[in-house]
């Protein structure tokens, strides 16, 4: 049975660092260090681990953020789950635990970035959590050593998770949402991971194509409000949206 608990000891923080190497394959210089986990837990952030028995199989790290005008939020900087557990609902457990604690602290917004080429992550963020996207950042972290990034620029969507909204509550409870107006669709092939691994030039062309579309749509003040999957494509759905 999977259990969640706060990470509190140096040994637990060290295990979270080790998991980064296992999950992403980062070089040492790109790992989030133990001291960041220590600081995050002391300044209002979150370090939550998922355990199968005594073994840590996933973790989440968030740090507090501050918007202009005094708006407080959580920046969920990293979440990782070991490969054998990725279809076991562990990521959703961690995010719902994050939401529960953030709501108890009076927070209404959690943000994080994700790779728009990661179809499973996009579906998870939009359809299982109810996040929206209104910002696209070009090459946010530079080129990394992770095999998961395939040497491409680290373009990122910024997920905004309005955890106190009716939309998020409905999606988490698997309740239907009112119909929305879809004004644009941005699609990519479902085999993008293989393309990124085997055809880096083509992968870069796909990445550049969707980045241009995202930036154009966001210039029109549209947001990603849903995500569809088919046998051949993953598709972002964009249209008008305003925070509740």
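The values are calculated or read from the model by the stated rules, or taken from the named source; none is laboratory data. Computed from a predicted model, the values in this text were never measured in an experiment. Don't worry about glycine lacking a Cβ; one is built from the backbone with ideal geometry, like all the others, and counts go over all protein chains shown.
Only one of the numbered conditions (1) modelled with pLDDT of 95 or more; (2) closer than 30 Å to residue 196 by Cβ; (3) surrounded by fewer than 17 Cβ atoms within 10 Å (Cβ to Cβ) is not met by residue 29, and that is (1).
One residue is enough: does the stretch 216-235 have a residue meeting the conditions surrounded by fewer than 17 Cβ atoms within 10 Å (Cβ to Cβ), in a helix (DSSP H, G or I) and on the phi < 0 side of the Ramachandran plot? Yes, there is a match, as at least one residue in the stretch 216-235 is surrounded by fewer than 17 Cβ atoms within 10 Å (Cβ to Cβ), in a helix (DSSP H, G or I) and on the phi < 0 side of the Ramachandran plot.
For (1) assigned to a loop (DSSP other than H, G, I, E, B); (2) in contact with a strand residue (DSSP E or B) (Cβ under 6 Å, 6 or more places away or on another chain); (3) under 30 Å from residue 208 (Cα atoms), each residue gets a yes or a no:
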site: 101; (1), (2), (3): no, no, no
site: 117; (1), (2), (3): yes, no, yes
site: 126; (1), (2), (3): no, yes, yes
site: 160; (1), (2), (3): no, yes, yes
site: 178; (1), (2), (3): yes, no, no
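Does residue 8 satisfy the condition of being surrounded by 12 or more Cβ atoms within 10 Å (Cβ to Cβ) and at pLDDT 95 or above? So residue 8 passes the test. Apart from one condition, residue 62 fits all of (1) surrounded by 15 or more Cβ atoms within 10 Å (Cβ to Cβ); (2) free of Cβ contacts under 8 Å to residues at least 60 places away in the same chain; (3) within 12 Å of the chain's Cα centre (by Cα); (4) under 23 Å from residue 226 (Cα atoms); the exception is (4).
Just one residue in the set 141, 136, 123 is at pLDDT below 95, within 16 Å of the chain's Cα centre (by Cα) and within 26 Å of residue 20 (Cα to Cα); that residue is 141.
With respect to the conditions (1) touching a residue at least 40 places away in the same chain (Cβ under 8 Å); (2) crowded, with 18+ Cβ neighbours inside 10 Å; (3) under 30 Å from residue 165 (Cβ atoms), residue 96 falls short on a single one, namely (2). Any residue that is touching a strand residue (DSSP E or B) at 6+ places or on another chain (Cβ under 8 Å), assigned to a loop (DSSP other than H, G, I, E, B), closer than 20 Å to residue 235 by Cβ and in contact (Cβ under 8 Å) with a residue 24 or more places away in the chain - is there at least one of those in the stretch 134-145? No - not one qualifying residue is present in the stretch 134-145. The set of residues in the stretch 180-200 being assigned to a helix (DSSP H, G or I), more than 25 Å from residue 219 (Cβ to Cβ) and in contact with a strand residue (DSSP E or B) (Cβ under 9 Å, 6 or more places away or on another chain) consists of 195 alone.
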